Amino acid sequence: MKRIYNFSAGPSILPLPVLEKAQKELVNYADSGMSVMELSHRSELFTEIIMEAEQLLRELMDIPGDYKVLFVQGGASQQFAMVPMNLLGKSGKADYVNTGSWSKKAIKEAKKYGDIRVVASSEDANFTNIPVVDSGMTDPEADYVHITTNNTIEGTAFTEVPDTGTIPLVADMSSNILSEEIDVSKYGLIYAGAQKNIGPAGLTVVVIREDLIGKASENCPAMLDYKTHSDSGSLYNTPPTFGIYMAKLVFEWIKELGGLKEMERINREKAQLLYDFIDESELFTSPVDKDSRSIMNIPFVSPSAELDADFIKKAKAEGLETLKGHRSVGGMRASLYNAMPIEGVRSLVTFMKEFENNHE
Ligand SMILES: *Cc1c(COP(=O)(O)O)cnc(C)c1O
């Protein structure tokens, strides 16, 4: 069986043991004579799956009891709207930190619903760093502060959680959820599209503090109201059942591996391997400030677009795929999500060395 190393930013690599387990159970889940895809979302078997998925996520992230876990659809992009629609209840004001393309989209969407301020931005520096955010910058009346913890396209990440005092901190963690230990209690709401570190596309995970639920306006569509999903245990309508099942398998895989502490150790080791090589390379460079580097998405460039293209083509021939940078920034990008084995990073570094040596 041929498997390549897939460095895609998303949808992205999944753990092979998870895919194999899903394959084994595909046509006959738990002796039901059916696939998970064919199970009623109200059946006993699916109820077990969704409850276990939630339980495992709570365990892995150490989610406090006063937080709800919601399994919804619409991607992180739908959260760009749901967050303001649900949380702008008091002052109608919110503060956003602009750290890249996804932040910009979140800001643009939020502006439709309230008085949105950008309190810090690295746009002037082409988003190559994470700006300083301190509690003095945020409006004491703001209903929430929004950050993008890991900037998938630009390859930057917050290394510290900004202190927003009593103002709820909302975080788009689409590309680094479950990659390291975090303190959930520092956030009011965390959301993530599943297709980077959780499972297949189509599922979105929301972790929300209970007191932030039930604040949407009367005319908020039911499907966009957190309360609807919270009250129904994410079963108001048909949820993405297969996606939730796959997420459960991924959560089990992380737990078996040793949880987020071990996951973080492995992720740091993988990222270090690649950054160390980039730092010593005379051909490849990282566009990102050292203190703002992501351990999930690592962009790098050669001196020319032609050489970049040649590198991407030759890497693909070696089974190192989807290394092309986002169309908005060019160059290369290696996404080293949880499921990327360290051997994949070693192969990439070996290939980069070879490419550099063959290039005079
Ligand atoms: C991928 C991504 C998104 C968009 O996710 P969708 O699920 O496609 O809507 C938003 N934010 C971040 C940080 C991402 O990485």
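Shape call for the chain from the C-alpha gyration tensor, a ≥ b ≥ c root eigenvalues: rounded (a/c under 1.5), prolate (a/b greater than b/c) or oblate? Taking the square roots of the gyration eigenvalues as a ≥ b ≥ c, the chain is oblate. Element breakdown for the chain at a 1.4 angstrom probe: carbon and sulfur atoms account for 49% of the accessible area.
Looking at segment 159-227, which GluC sites (Glu not before Pro) are DSSP coil and have at most 10 other C-beta atoms within 10 Å of their C-beta?
160, 218
Is there a quick way to get the dipole size of the chain? I mean about its Cα centre, with the Cβ of Lys and Arg at +1 and of Asp and Glu at -1; what is the value in debye to the nearest 20? Don't jump to the answer; show the numbers that get you there.
On the way: 36 positive and 52 negative charges, 179 e Å.
Here the size comes out at about 860 debye.
With respect to the cross-link table entries 111/313; 227/324; 2/196; 248/313; 290/324, which display a Cα-Cα separation exceeding 31 Å? Checking Cα-Cα distances, 111/313; 227/324; 248/313 exceed 31 Å. A Förster radius of 45 Å, combined with the Cβ-Cβ distance separating residue 4 from residue 218, puts the computed FRET efficiency at roughly 0.35. With a simple spin-label model that places each label point 7 Å from the Cα along the Cα-to-Cβ direction, the separation between residue 21 and residue 310 comes to 4.5 nm. Measuring nothing but how far apart in sequence close Cα pairs (under 8 Å, 6+ apart) lie, relative to its length, the chain scores a relative contact order of 23 percent. Roughly how far apart, in whole Å, are the Cα centres of segment 334-360 and segment 118-193? Here the answer is 30 Å between Cα centres. Apply the a/c threshold of 1.5 to the C-alpha gyration tensor of segment 122-204 and tell me whether it is rounded, prolate or oblate. Oblate.
For a 18 Å ceiling on Cα separation, which of these pairs sit above it: 68/112; 108/215; 68/186; 90/215?
68/112; 108/215
Test of understanding: extend the Cα→C-beta vector of residue 285 to 7 Å, then name every residue of segment 126-143 with backbone N under 16 Å from that spot. Label zone hits: 126-129.
Averaged per residue, what accessible surface does segment 16-256 expose to a 1.4 Å probe, in Å²?
Working: 10200 Å² over 241 residues.
Result: 42 Å² of accessible area for each residue.
Among the GluC sites (Glu not before Pro) in segment 252-307, those located in a DSSP loop and surrounded by at most 16 other Cβ atoms within 10 Å of their own Cβ are 282.
The values are calculated or read from the model by the stated rules, or taken from the named source; none is laboratory data. Just so it is clear, the model here is predicted, and its values are computed rather than measured. A quick note on method: Cβ atoms are made from the backbone with ideal geometry, for glycine too, and the neighbour counts reach across all protein chains shown. Heavy atoms of the whole protein, side chains included, go into the accessibility calculation; ligands, DNA and RNA do not. Shrake-Rupley method; radii C 1.70, N 1.55, O 1.52, S 1.80 Å.
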